[in-house]
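Report on one structure; see the data block that follows.
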Amino acid sequence: MTSNINYQENYNKLSGTRQMVLPLDYGLMISDDEPVRLLDAVLEELDYTELQRLYSPKGRKSVVPPDIFFKVYCFAMLEGIYSTRAIKHQCQVNIQYMLLLRGYYVATQSLATCLFNAFLHVYRQKF
């Protein structure tokens, strides 16, 4: 005869019920005088056709549009963050970066590739 008695304590069980609630719009939690709002408004007016040409129509399409990458990178530079890993971390935990991303997920490799392509293009134009 087998018994169903559990002699080990379950330490993973949460006491009570918990539910994580996030707002549908991140912009509701960010005040109107934050620099991210001004940066988003200014960069929205720019023409990104030259930046769009850096992406080849052949092959796999980028997960995040280049104009959103540019906004994220500019905001990171404004805050003094230059490492792609640190930018990716901020995109995961900082709600201001989430506002700029508009629901897209940023991978470190795709961010580094986008920045490399943009700087390589600028370098070729100058020299």
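Only one of the numbered conditions (1) surrounded by fewer than 11 Cβ atoms within 10 Å (Cβ to Cβ); (2) at pLDDT 90 or above is not met by THR49, and that is (2). Filter the range 81-97 down to residues that are hydrophobic (A, V, I, L, M, F, W, C) and surrounded by fewer than 21 Cβ atoms within 10 Å (Cβ to Cβ) and give me whichever is farthest from PRO35 (Cα to Cα). So the residue we want is ALA86.
Taken over the range 47-80, the criterion of being of a type in the set (A, V, I, L, M) and closer than 19 Å to ASN117 by Cα is satisfied by LEU51, LEU54, VAL63, VAL64, ILE68, VAL72, ALA76, MET77.
The values are calculated or read from the model by the stated rules, or taken from the named source; none is laboratory data. The shown structure was predicted, so the numbers you read here are calculated from the model rather than taken from an experiment. For neighbour counting, all protein chains shown are included, and Cβ atoms are generated from backbone atoms with ideal geometry for every residue, glycine included.
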